[in-house]
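Scroll down for the structure; my scribbles are underneath it.
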């Protein structure tokens, strides 16, 4: 009599996700870098040791490390090993930032100013979009203005679950201009690994046009984003309204 097939056992430490195995390994290794297990310039364990730790083939680990090196998180040195890039913490600054100068113009980091920050009761829409537990009803809500060369180009309205990030509003005031994802990665050990965005062309509202110094009704690009952490939790709902006269939304698909 045939025995039923044994269920496939998930290697230890991996998330039950549909993403490829090497991508899961990559995300877990990134999380360990962010937690400080290996600091900037420090040597990671060998591919063989990591493969044994996660119960996967060495080639799977190699692919994960190669991708992290391509993202400038790691540096691979032949004959020496794999090291955390000493400048890897800058990686989060533009990893999910898609609004860039049009071709031929010089790239410069945007200056960010908070228009308002508050901890408040979540609206029904915020609660639903962030998939918050029924007993959690509070968010950190902020309005931010991003400027290039002193000219305002992007208005962002952001909501984040306060139960995941206690004290976040005060940290924003203290650590500006450090990036949002940089703060939650380093202070709360929460790694954003995926964003889902919807793009729509809309006329600027009265409030947005005042912040952007343009006439009401000026066309803007609305980018509606949900950010997802490595454990699958939704950690941010952000709606950005962008002027595209000198900037454009850029996506690179591989």
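Residue 216 fails exactly one of the following numbered conditions: (1) in contact with a helix residue (DSSP H, G or I) (Cβ under 6 Å, 6 or more places away or on another chain); (2) without any contact (Cβ under 8 Å) to a residue 60 or more places away in the chain; (3) farther than 29 Å from residue 28 by Cα; (4) surrounded by 16 or more Cβ atoms within 10 Å (Cβ to Cβ). What is the number of that condition?
Single failed check for residue 216: (4).
Among residues belonging to the stretch 30-39 that are in a helix (DSSP H, G or I) and out of contact with any helix residue (DSSP H, G or I) (no Cβ under 6 Å at 6 or more places or on another chain), point out the one that is surrounded by the fewest Cβ atoms within 10 Å (Cβ to Cβ).
Looking only at the stretch 30-39, we keep the residues that are in a helix (DSSP H, G or I), and these are 30-34.
Now narrow it down to the ones that are out of contact with any helix residue (DSSP H, G or I) (no Cβ under 6 Å at 6 or more places or on another chain): 30-33.
Values: 30: 23, 31: 18, 32: 14, 33: 23.
The extreme case among them is 32.
How many residues does the stretch 146-165 contain that are within 22 Å of the chain's Cα centre (by Cα) and more than 17 Å from residue 229 (Cα to Cα)?
Applying the first criterion (within 22 Å of the chain's Cα centre (by Cα)) to the stretch 146-165 yields 146-148, 153-165.
Now restrict to residues that are more than 17 Å from residue 229 (Cα to Cα): 146-148, 153-157.
Adding up the residues that qualify gives 8.
Suppose the filter is outside the structural domain of residue 38 (by TED's automatic domain parsing), closer than 21 Å to residue 228 by Cα, at pLDDT below 85 and not in a loop (DSSP other than H, G, I, E, B); does residue 143 pass it? Steps first, please.
Working: outside the structural domain of residue 38 (by TED's automatic domain parsing): yes; closer than 21 Å to residue 228 by Cα: yes; at pLDDT below 85: no; not in a loop (DSSP other than H, G, I, E, B): yes.
Spelling it out, it is not the case that residue 143 is outside the structural domain of residue 38 (by TED's automatic domain parsing), closer than 21 Å to residue 228 by Cα, at pLDDT below 85 and not in a loop (DSSP other than H, G, I, E, B).
Here's the yes/no breakdown for (1) closer than 30 Å to residue 35 by Cα; (2) in contact with a strand residue (DSSP E or B) (Cβ under 8 Å, 6 or more places away or on another chain):
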{"position": "188", "(1), (2)": "yes, no"}
{"position": "195", "(1), (2)": "yes, yes"}
{"position": "200", "(1), (2)": "no, yes"}
{"position": "209", "(1), (2)": "no, no"}
{"position": "222", "(1), (2)": "no, yes"}
{"position": "225", "(1), (2)": "yes, yes"}
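Inside the stretch 208-229, can you point out the residues that are part of a loop (DSSP other than H, G, I, E, B) and under 17 Å from residue 112 (Cβ atoms)?
If we filter the stretch 208-229 for residues that are part of a loop (DSSP other than H, G, I, E, B), which is where we start, we get 213-218.
Passing the criteria: only 213.
For the stretch 160-167, state whether one or more residues are surrounded by fewer than 19 Cβ atoms within 10 Å (Cβ to Cβ) and under 29 Å from residue 245 (Cβ atoms). Write out each step before concluding.
In the first step, residues of the stretch 160-167 are kept if they are surrounded by fewer than 19 Cβ atoms within 10 Å (Cβ to Cβ); the result is 163, 166-167.
Next, only the ones that are under 29 Å from residue 245 (Cβ atoms) stay: none.
No, that holds for no residue.
Those residues that are at pLDDT 90 or above, assigned to a strand (DSSP E or B) and in contact with a helix residue (DSSP H, G or I) (Cβ under 6 Å, 6 or more places away or on another chain), I need them from the stretch 150-207; list them, please.
Selection gives 152, 155, 159.
Checking the structure you have, find out if any residue of the stretch 73-92 is at pLDDT below 75, closer than 30 Å to residue 153 by Cβ and exposed (fewer than 15 other Cβ atoms within 10 Å of the Cβ).
Scanning the stretch 73-92, I find at least one residue that is at pLDDT below 75, closer than 30 Å to residue 153 by Cβ and exposed (fewer than 15 other Cβ atoms within 10 Å of the Cβ), so the answer is yes.
Regarding the stretch 4-13, can at least one residue be identified that is at pLDDT below 85, touching a strand residue (DSSP E or B) at 6+ places or on another chain (Cβ under 9 Å), within 23 Å of residue 228 (Cα to Cα) and not assigned by TED's automatic domain parsing to the domain that holds residue 228? Reasoning before the result, please.
The first filter runs over the stretch 4-13 and keeps only residues at pLDDT below 85, leaving 4-13.
Adding the requirement that they be touching a strand residue (DSSP E or B) at 6+ places or on another chain (Cβ under 9 Å) leaves none.
No, because not a single residue in the stretch 4-13 is at pLDDT below 85, touching a strand residue (DSSP E or B) at 6+ places or on another chain (Cβ under 9 Å), within 23 Å of residue 228 (Cα to Cα) and not assigned by TED's automatic domain parsing to the domain that holds residue 228.
Of the residues that make up the stretch 230-244, is at least one in contact with a strand residue (DSSP E or B) (Cβ under 9 Å, 6 or more places away or on another chain), part of a helix (DSSP H, G or I), surrounded by fewer than 18 Cβ atoms within 10 Å (Cβ to Cβ) and assigned by TED's automatic domain parsing to the domain that holds residue 142?
Checking the stretch 230-244: not a single residue is in contact with a strand residue (DSSP E or B) (Cβ under 9 Å, 6 or more places away or on another chain), part of a helix (DSSP H, G or I), surrounded by fewer than 18 Cβ atoms within 10 Å (Cβ to Cβ) and assigned by TED's automatic domain parsing to the domain that holds residue 142.
The values are calculated or read from the model by the stated rules, or taken from the named source; none is laboratory data. All values derive from a computational prediction rather than experimental measurement. Positions of Cβ are backbone-derived with ideal geometry, glycine not excepted, and every protein chain shown enters the neighbour counts.
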